[in-house]
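One structure is given below, encoded as structure tokens.
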Amino acid sequence: MAIESEAPAAEQRASVRIIVNGVEHEREVDVRRTLGDFLREDLELTGTHFGCEHGVCGACTVQLDGKAVRSCLMLTVQADGQEVKTIEGMAPPGELHPIQQAFWDHKGQQCGFCTPGMILATEDFLRRNPDPTRQEIREGMSGNICRCTGYQFIVDSIEAAAKALREAGPGGTD
């Protein structure tokens, strides 16, 4: 990453190379541009939503090298050389990942605004805890807020997704 030091701070730009959903992108960006803005505005991947823009709600969650991160708090330059997955990269077009299918089948999507971040956080959570209890699901997902529900359907969805992923076995969803 090369930063032009002669430019005023408000105009500092940097070259970044980021792999997003398996596609490499090389761009010059303002060093203050958030990853979420880069994804939504520069790459037109509008499945990443902004709720609070303070890292509290989790609506903007994406995965950076397989770990859930808040794209509203992360700068694009921090993702240089890394892989990002958004909701658009969960499954091939026209198909649903088992987590997406579970959210659909168990009505975990409600209005849908928090759903992309919830699904990406769920994938990271289930990678770390493939057979969680309902209480572990509630605790593990506590960083993602849904304003439409009492979380019952979301917990049901994650529980069903965990079962589906365990039954698919290693590599069964890639």
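The values are calculated or read from the model by the stated rules, or taken from the named source; none is laboratory data. Keep in mind that what you see is a predicted model, and the values were worked out from it rather than measured. When we count neighbours, we look across all protein chains shown, and the Cβ atoms used for this are built from the backbone with ideal geometry, even at glycine. Ligands, DNA and RNA are stripped out before the accessible areas are found, and what is left, the full protein with its side chains, is counted by its heavy atoms. Shrake-Rupley method; radii C 1.70, N 1.55, O 1.52, S 1.80 Å.
Summary of computed values
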| item | result |
| --- | --- |
| Unique match (being small (Gly, Ala, Ser) and over 18 Å from the mean Cα position of the chain (by Cα)) among Gly169, Gly143, Gly117 | Gly169 |
| Pairs with Cβ under 6 Å, 6+ apart, first in segment 105-121 and more than 9 Å from Asn144 (Cβ to Cβ), second of a type in the set (Phe, Trp, Tyr) | His106/Phe153; Lys107/Phe153; Gly108/Phe153; Gln109/Phe103 |
| Residue in segment 78-87 that is in a helix (DSSP H, G or I), open to solvent by less than 20 Å² (accessible area, probe 1.4 Å) and touching a residue at least 60 places away in the same chain (Cβ under 8 Å) present | yes |
| Flag for Asp131 being farther than 24 Å from Cys72 by Cα, surrounded by fewer than 18 Cβ atoms within 10 Å (Cβ to Cβ), acidic (Asp, Glu) and modelled with pLDDT under 95 | no |
| Residue satisfying condition, being in a loop (DSSP other than H, G, I, E, B), at pLDDT 95 or above and of a type outside the set (Asp, Glu), within set Gly36, Gly55, Gly47 | Gly47 |
| Answer residue from segment 58-77, given it is at negative phi and in a loop (DSSP other than H, G, I, E, B) and is most open to solvent (accessible area, probe 1.4 Å) among those | Leu73 |
| Residues within segment 88-97 that are open to solvent by 40 Å² or more (accessible area, probe 1.4 Å) and assigned to a helix (DSSP H, G or I), tallied | 1 |
| Filter result for Glu139 (open to solvent by 50 Å² or more (accessible area, probe 1.4 Å) and touching a Ser or Thr at 6+ places or on another chain (Cβ under 9 Å)) | no |
| Index of the failed condition, Phe38 passing every other in (1) farther than 20 Å from Arg147 by Cα; (2) under 10 Å from the mean Cα position of the chain (by Cα) | (2) |
| Only one of Ile158, Ile145 that is open to solvent by 40 Å² or more (accessible area, probe 1.4 Å) and within 25 Å of Thr48 (Cβ to Cβ) | Ile145 |
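Residues checked against (1) within 30 Å of Gly169 (Cα to Cα); (2) of a type outside the set (Lys, Arg):
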| residue | (1), (2) |
| --- | --- |
| Asn21 | yes, yes |
| Gly36 | no, yes |
| Val56 | no, yes |
| Leu64 | yes, yes |
| Arg70 | yes, no |
| Met90 | yes, yes |
